[in-house]
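Report on the following structure.
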Amino acid sequence: MKKIYLMMTLAATALLSFVACGGDDNDDLPDGGKGTNVELSSPTYKDEATIMNITGDNAEGIKQLRMMESGAYMITREGANLTRSTRAGNDELTYEFGKYTYSGGKFTFDNGMTISYEPSGKNYDVSITWKNGTTIKTTGAIDPGSSVTAGVQTNNLCSRPWTIEKVMATAVVGTTKLGKEFKVPVNLYDVKAWYEENFGTLKDQFDANTIILGIYFDSKGLFAINYQNRKADVGVWRWQQMDLGNLTYTWNDKAHAISLFTGSASVSFEKAPERCKLILKGNVDGTDMEFVFTLR
């Protein structure tokens, strides 16, 4: 149970199990932190964003190609030789993240792949060119997904692949309030060390490379957190009160998801410079904690 609480707070779920925070946390944000009047730059590839489910069996285990509005991609693969997978309950699936550009009907990934597709009946003919220049032809179907409500807040959240600028962790023990700021690269190993120095041993193990590389949202309701040398976290999100920046989330493999990994979150935005803040209040092994993630 302690491990479950830790995973809910110190890792990816810390980014997405947020509850509304007090006014003291948001003095530098418009509208008391709600961000209702803030409009960030539009997502780069809002019109080109798509989800292509690969229906052919000759794509080296690729099951889905997801091109997000922000210019980020996620490749979902299935295969026994893959080393990274999600904690969401399906260890057969792995995820690769990166950035893409789009021109002339072709997506170019920063891993060296290029993707193009064209209609063929009810499905699509998909062409994938690997980094070595080898091209395969396969088939696919566009997944309409379940889009979240359109609006400024959605555009704000999906405007870019978010990276962490800093994390402020605060704990209240009796009448004592302890806090520490963690700057990039944010390593969960350092957060664990600070916690154990002040509050006791945590069972979950974070090595020296447990670094959060990126955070992704898209308007089809995907959220994902990518790590260095750790399993990616992939789930779905929906607005609860869009005007207040409140949302709910759950892992996408609901059959295996742990109930504590489902919750509500809060986001707020700054215009200049353009930033997003994610706020968590929770309990870690009996200690009341608050985490404020500043993203850019």
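The values are calculated or read from the model by the stated rules, or taken from the named source; none is laboratory data. Since the structure is predicted, the reported quantities are computational estimates derived from the model, not experimental observations. Please note: Cβ atoms are built from the backbone with ideal geometry, for glycine as well, and neighbour counts cover all protein chains shown. Areas reflect the complete protein model, heavy atoms only, side chains present, ligands, DNA and RNA absent. Shrake-Rupley method; radii C 1.70, N 1.55, O 1.52, S 1.80 Å.
A few notes on this one:
- Considering all different alpha carbon pairs of the stretch 104-150, the Kirkwood hydrodynamic radius works out to 12.1 Å.
- Mean Cβ neighbour count within 10 Å, used as a protection proxy, ranking 227-236, 127-136 highest first: 227-236, 127-136
- Cross-linked pairs Lys122/Lys231; Lys46/Lys131; Lys99/Lys281: Cα-Cα separations exceed 28 Å for Lys122/Lys231; Lys99/Lys281.
- For Gln240, the residues 5 or more places off, or on other chains, whose built amide H falls under 5 Å of its own are Asn246, Leu247, Thr248.
- Close amide-amide hydrogen proximity is noted between Glu274 and no other residue 5 or more places distant or on a separate chain, at a cut-off under 5 Å (H modeled in the peptide plane; Pro and chain starts excluded).
- Largest to smallest accessible area among Trp194, Trp237 [probe 1.4 Å]: Trp194, Trp237
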